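The structure appears below as structure tokens.
Just so you know, all these numbers are worked out from the coordinates, no wet-lab data involved. None of these values were measured; they are calculated from a predicted model. Here the Cβ positions follow ideal geometry from the backbone for every residue, glycine too, while neighbour counts run over all protein chains shown.
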Amino acid sequence: MSALRQVLDEVRSGRARGLDDLARRVGVSRDEASAMVDHWVRKGRLDVTDLSAACSSGGCGSCPSGDHGSPGCGTTGPVLLAISVRQP
């Protein structure tokens, strides 16, 4: 089975607990796993949802991650996302 297909199967099964775990399970780099997830999103097989749990309650205008005093999103850390199987 191809690594691309393995990524889809791992997400479907719910076994992978994040992108790093997904990459480890499939035997690819984190960047490769991310690109494969992006592929399945473009194909309409997976959804990625920004949970925004780490974002400021005031929205982007009050985000401290902006560059040179402008509001975010000059994100300096991870953004919390949920990857799920798209329902037909």
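Place a label point 7 angstrom from the Cα of Thr49 along the Cα-to-Cβ direction, then list the residues of region 3-25 whose backbone nitrogen is under 19 Å away. Residues passing the 19 Å test: 11-19.
Couplings 3J(HN,Hα) of region 6-13, computed from phi: 4, 4, 4, 5, 5, 5, 4, 6 Hz, in residue order, whole Hz [Karplus 6.51 cos²θ - 1.76 cosθ + 1.60, θ = phi - 60°; x for Gly and Pro]. Amide H to amide H distances under 5 Å link Leu46 with Val41, Arg86, where only residues 5 or more positions off or on other chains count and H is placed in the peptide plane.
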